[in-house]
Number of protein chains: 2
Amino acid sequence: MIGMAVKELLIEKQETFLIPAENVANVMYLNPLSHALLVLSQVKYSRIPVLDKGDRFVGLISLSDVVDKMFDLTKVDLEKLNEFTVADVMEVNVPVIREDWELENVLHLLVNASFVPVVDEKQRFKGIITRKELLKAVNHMAHELEKRNLVIPKTSDKESEMKVI
Amino acid sequence: MIGMAVKELLIEKQETFLIPAENVANVMYLNPLSHALLVLSQVKYSRIPVLDKGDRFVGLISLSDVVDKMFDLTKVDLEKLNEFTVADVMEVNVPVIREDWELENVLHLLVNASFVPVVDEKQRFKGIITRKELLKAVNHMAHELEKRNLVIPKTSDKESEMKVI
C-alpha cells in the first residue's frame, strides 16, 4: 500500500498524467509495414500504439520490430515491407489500464514499460500515461512532502523485536 | 530541495541505480551507420551511447537517426549507410552526470530523458542511470515512507496567511 500523504502529492496533478489519444501517433493493425516505417520515422517515440477500425487498442509496434523484418542479414529490403502488415510484427498482450486507474497499479506497470495505454470499457484507446509525466509528479512530491508535513520516524521494528526477545 | 525522509528512502538502494558500462550496448563514433543499424536492431533499447577510442562518452544514437538517413522518400538505401558514420547522425550535447551524482539532479534530468549517462572526470563512460531503476526506488519509497514515519500536516500556509490578514 502506498501511504496517503505520498499518494495525495503524487496525484495532485493527475489531470496532466494522461496524454490524450488525439496527441499520440498510432497505426492501424492492417496497415502495411512500409506505412508503419514512415510513421515511426517521423515521430520521436520508439514505440506507438496499434489500433483496430473501432479505435480499440490491440498492441504496440516499434521501429525495431519493423527494421527486424526488413533486415535480411546483409541487405535491407523495402519490398519485403509491403508483404507484411503491422499485425504481423506488433507486440500483443500489452498491459492496459482503465480511465479510473489506481496509482499503485500505474507505478507498478511503469517500472517495466515507458508508457501504459489507457482504454475505456470497450477497449477503445483513450491515451497513454508516461514515465515522463509520472516523474514530474515524483519531483513535485519529493519537493513538497516535507514542506507540508512533519515527518517523524516511528520506533523501528528492529528495536521492538529486540525488546520482545 | 528534496526532503530528507523522501531522499533517504529513494537512495536506500542506490547501488542498483547504475547499469555499468559493460552491460550497456554502445557504438564507436567512427563506425559506419550499417554497423550501428546492426547493433541497434539487436538490442532492445531505442537509443544507445556513442563512445570514442578512449571510451569517452560523446553522444547518443537511435534507430530513428539511422532510419532517417537511409529513408529517401520512397526507397530505403542500405548503400547510403556505408557513406556515413555514427558521428554524422548522433545526438550531441547530451547532459551527463558524475559518479558522485546528486539525487535532485538525476530526478530532474530523467524527466526529459529515459536514461542519463554516467562519466568519470575524464568523460570516460561508466554506465547509465535509467528511469526504470529510479521508478523502482520511487515504488519502494512510496510504500515505505509512511510505514516507517509518522506524517503530520503542518499548519497550512493558507491558514497562516488568513490569520495575518
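All of the numbers you see were taken from the coordinates with simple rules; none came from a lab. The model shown is predicted, which means the values in this text are computed figures rather than measured ones. When we count neighbours, we look across all protein chains shown, and the Cβ atoms used for this are built from the backbone with ideal geometry, even at glycine.
Key figures for this structure:
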| read-out | value |
| --- | --- |
| Net charge of Cβ neighbours under 11 Å - reference A:Arg47; Lys, Arg +1; Asp, Glu -1 | -1 |
| Residues B:Arg98, B:Arg47, sorted so that the one with the fewest Cβ neighbours within 10 Å comes first | B:Arg98, B:Arg47 |
| Amide H partners (placed H, <5 Å) of A:Val58, local residues excluded | A:Val50, A:Leu51, A:Asp52 |
| Across the identical copies, how the B:Pro20 labels are spaced - nm, sorted shortest first, 7 Å along Cα→Cβ | 4.9 |
| Relative contact order (percent, whole number), segment B:4-148, Cα cutoff 8 Å, 6+ residue spacing | 30 percent |
| Innermost chain B residue relative to the axis carrying B onto A, by Cβ distance in angstrom | B:Ser46, 2 |
| R0 of 25 Å, Cβ-Cβ distance B:Asp120-B:Thr16: FRET efficiency to nearest 0.05 | 0.80 |
| Helix A:103-112 axis, angle to chain A major axis (alpha carbon atoms, nearest 10°) | 50 degrees |
| Nm distances between copies for A:His143, ranked from closest, using label points 7 Å along Cα→Cβ | 2.8 |
| Inter-copy spacing of B:Gly54 label points, which lie 7 Å from Cα along Cα→Cβ, given in nm from shortest upward | 6.1 |
| Unit charges at the beta carbon, dipole of the protein assembly as shown: most positive-side option, B:Val50, A:Val43, A:His140 | A:His140 |
| Qualifying lysines (Cα of each under 30 Å from Cα of B:Lys80; at least 8 residues distant if same chain) | A:Lys44, A:Lys69, A:Lys75, A:Lys80, B:Lys44, B:Lys53, B:Lys69 |
